[in-house]
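Working notes for the structure below.
The values are calculated or read from the model by the stated rules, or taken from the named source; none is laboratory data. Predicted model only: the values in this text are computed from it and were never measured. Every residue, glycine as well, gets a Cβ built from its backbone with ideal geometry; the counts of neighbours run over all protein chains shown. Keep in mind that these areas ignore ligands, DNA and RNA; they rest on the heavy atoms of the full protein, side chains included. Shrake-Rupley method; radii C 1.70, N 1.55, O 1.52, S 1.80 Å.
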Amino acid sequence: MLLPRMRFSMPSAGRRRPQTLVRTAAIAATTLLVAGPLAASAQADPTPATPDLPAALIDAITRDLKISPQDYLQRADVAQKVAAFATTAQRQYPNVFGGAWLDENGKAVVALAPGDGIDQARKAVTDAGFTAKDVSKSETTLRGEKNAFQQWLKDQPESVSKAIRGVAIDTLNNSIAVRADKPGLPLPGFVDPARVIVMSAPPVGGEGVDVPQASDIAGAGPRAMAAGEAYASVAGRMSLRCSLGFNGTDGSGNVVNITAGHCNPNIPATGGANSPAVYAMAGDSRGPQIGVFQKSVLGNEDYSIISVNGDYQGALNNPLVSVPGNAPISITGVAVPVVGAPVCKSGARTGFSCGVVNAVDQTVQVGDRMLTQSFSANICALPGDSGGPLVTGTLALGISSASSVADYPICEIPNLIGLITGNTPQLFAQPVSTVLSDNPGLRVSTT
């Protein structure tokens with residue numbers, strides 16, 4: 001699990017400092033899309049010659065995706081167009097629609113299975129400018145298999161259930177993909193053996209440290225604060241260090257911030273008189289309080305809504321995403337995850353880094369809970385990046401939740417291992433669109 005940095009107050013003189021180990025169970029995602037350099041996109045509308053993106057993000061795009069910033073914006077746009085088409089196709093052609101994604105060249109592909117209405121569906125795909133691909137199973141069938149697998153798993157002995165780490169619809173291979181700790185497990189007949197990804201349990205580690213709790217910085221006044229910046233959440237003697245998520249407003253028009261649920265150190269107290277407080281950071285020191293946790297959800301989903309103090313309403317009343325010391329990007333809307341779409345994360349620990357979405361609507365075990373309806377991308381993130389934003393183009397996409405490489409000190413190590421072995425780092429994220437649908441009236445701030 002991608003955990004925030006842990007901080008503890010200094011014990012009284014003469015007392016032994018508490019030793020704390022934060023355990024992180026990191027789950028490596030099934031690689032549903034081949035990662036690597038992406039060819040220039042051959043499909044989409046013209047994009048600006050000089051896109052309005054900050055230099056740090058452009059550097060991450062060219063370094064991690066091996067494409068131009070123009071291609072990045074173009075592919076993000078195509079992904080949302082095919083996502084909108086898919087929503088309609090699921091409703092109009094439920095017996096034949098098999099999913100949609102972007103291929104390695106950034107072209108939108110729509111899968112079609114045999115059945116009533118396939119001719120009409122194929123015409124709709126080509127009329128929309130997308131490529132149709134024949135497959136054997138519809139998305140309805142695949143979802144049924146995924147649900148059947150999860151039901152089957154509930155009845156299995158612990159020796160089997162504990163060895164299964166997750167399941168996802170593998171859109172590209174028209175199958176469901178199962179991730180397991182070891183080979184040879186008994187599985188239902190509808191699971192393709194070729195789509196059982198065998199991986200040993202990820203290493204367990206963490207970033208538990210004993211440090212004195214810094215005092216507030218006198219005279220630090222409100223300043224503009226963007227998604228991706230560090231904050232500290234405090235409950236009693238314990239504090240966590242995370243990254244701010246997207247700024248927004250609640251149903252009453254109050255300014256809020258949308259971040260990760262596991263960044264709240266005391267979820268049961270949320271919303272009450274002792275709700276954990278949120279503080280700005282000035283380097284490694286805790287600054288003034290900017291708000292409290294208004295709502296936190298941690299289980300099948302992972303998100304928090306921070307209620308911003310009156311003095312800081314103006315400071316967070318903006319649509320910006322940044323990393324420390326760099327210019328921000330302005331959010332223009334909200335997106336849904338699409339396999340193959342380019343995505344970039346911002347985090348206070350590791351800054352901007354980019355990859356592609358490689359699984360959507362998946363269920364994955366994170367520690368002792370199951371994160372459902374999540375998506376993943378081949379991006380490295382480390383403790384301290386939790387709660388930060390993921391964007392596609394200039395659209396809000398997700399919130400950093402868990403990482404497969406949370407026990408590494410720097411991203412260069414797992415990134416190099418990924419190049420050699422193909423087992424690239426994976427970042428699991430909470431879709432912002434789901435958070436908004438769960439909280440009527442909640443909005444992401446946009447330009």
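Number of residues in segment 90-141 that are of a type in the set (Asp, Glu) and closer than 21 Å to Asp361 by Cα: the value is 3.
The set of residues from segment 323-361 being among the hydroxyl-bearing types (Ser, Thr, Tyr), within 24 Å of Gln426 (Cβ to Cβ) and in a loop (DSSP other than H, G, I, E, B) comprises just one member, Thr350.
Within segment 48-99, the set of residues being polar (S, T, N, Q) and in contact with a helix residue (DSSP H, G or I) (Cβ under 9 Å, 6 or more places away or on another chain) comprises Thr50, Thr62, Ser68, Thr88, Gln90, Gln92, Asn95.
The residue pairs whose first member lies in segment 99-115 and is under 13 Å from Thr126 (Cα atoms), whose second member is open to solvent by 10 Å² or more (accessible area, probe 1.4 Å) and among the acidic types (Asp, Glu), and whose beta carbons are closer than 8 Å, counting only pairs six or more residues apart or on different chains, are Val109/Asp103; Ala111/Asp134; Ala111/Glu139; Leu112/Asp134. Before we move on, is Leu102 open to solvent by 20 Å² or more (accessible area, probe 1.4 Å) and closer than 20 Å to Asn378 by Cα? No; evaluated as a whole, the condition is false for this residue.
Being at pLDDT 95 or above, on the phi > 0 side of the Ramachandran plot and under 16 Å from the mean Cα position of the chain (by Cα) is the requirement here; does Gly393 meet it? Against the criterion (at pLDDT 95 or above, on the phi > 0 side of the Ramachandran plot and under 16 Å from the mean Cα position of the chain (by Cα)), Gly393 qualifies. Restricting attention to segment 309-322, report how many residues are assigned to a loop (DSSP other than H, G, I, E, B) and either among the aliphatic types (A, V, I, L, M) or over 27 Å from Val357 (Cβ atoms) (or both). The number of residues fulfilling the criteria is 6. If only one of Ala377, Ala406 is closer than 21 Å to Asn300 by Cβ and at pLDDT 90 or above, which one is it? None of the others qualify; the one that does is Ala377. Report whether or not Ala121 is within 30 Å of Ser330 (Cβ to Cβ), in a helix (DSSP H, G or I) and either modelled with pLDDT of 95 or more or open to solvent by less than 70 Å² (accessible area, probe 1.4 Å) (or both). Criteria not met by Ala121. If you check Ser136, Ser161 for being among the small types (Gly, Ala, Ser), in contact with a Pro (Cβ under 8 Å, 6 or more places away or on another chain) and open to solvent by 10 Å² or more (accessible area, probe 1.4 Å), only one passes: Ser136. The number of residues in segment 370-399 that are open to solvent by less than 10 Å² (accessible area, probe 1.4 Å), under 25 Å from Ala163 (Cα atoms) and among the polar types (S, T, N, Q) comes to 2. Look at Thr434 and say whether it is closer than 21 Å to Ser374 by Cα and not in a strand (DSSP E or B). Yes; evaluated as a whole, the condition is true for this residue.
Conditions: (1) modelled with pLDDT of 95 or more; (2) more than 18 Å from Asn95 (Cα to Cα); (3) open to solvent by 40 Å² or more (accessible area, probe 1.4 Å); (4) not charged (D, E, K, R). Pro183 meets all but one. Number of the miss? Against the list (1) modelled with pLDDT of 95 or more; (2) more than 18 Å from Asn95 (Cα to Cα); (3) open to solvent by 40 Å² or more (accessible area, probe 1.4 Å); (4) not charged (D, E, K, R), Pro183 comes up short only on (1). Selection of first residues in segment 221-234 that are outside any loop (DSSP other than H, G, I, E, B) and of second residues that are open to solvent by 20 Å² or more (accessible area, probe 1.4 Å) and aliphatic (A, V, I, L, M), restricted to Cβ pairs under 7 Å at least 6 apart or on distinct chains, gives the following pairs, ordered by first then second residue: Ala227/Leu320; Ala230/Met281; Ala230/Ala348; Tyr231/Met281; Ala232/Met281.
Every listed requirement among (1) within 27 Å of the chain's Cα centre (by Cα); (2) at pLDDT 80 or above; (3) open to solvent by less than 30 Å² (accessible area, probe 1.4 Å) is met by Gly205 save one, (2).
Is there a residue in segment 8-27 that is in a helix (DSSP H, G or I), modelled with pLDDT under 95 and either under 26 Å from Ser330 (Cα atoms) or open to solvent by 30 Å² or more (accessible area, probe 1.4 Å) (or both)? No, segment 8-27 contains no residue that is in a helix (DSSP H, G or I), modelled with pLDDT under 95 and either under 26 Å from Ser330 (Cα atoms) or open to solvent by 30 Å² or more (accessible area, probe 1.4 Å) (or both). Of all residues in segment 126-142, those that are assigned to a helix (DSSP H, G or I) and either in contact with a Leu (Cβ under 6 Å, 6 or more places away or on another chain) or without any contact (Cβ under 8 Å) to a residue 40 or more places away in the chain (or both) total 3.
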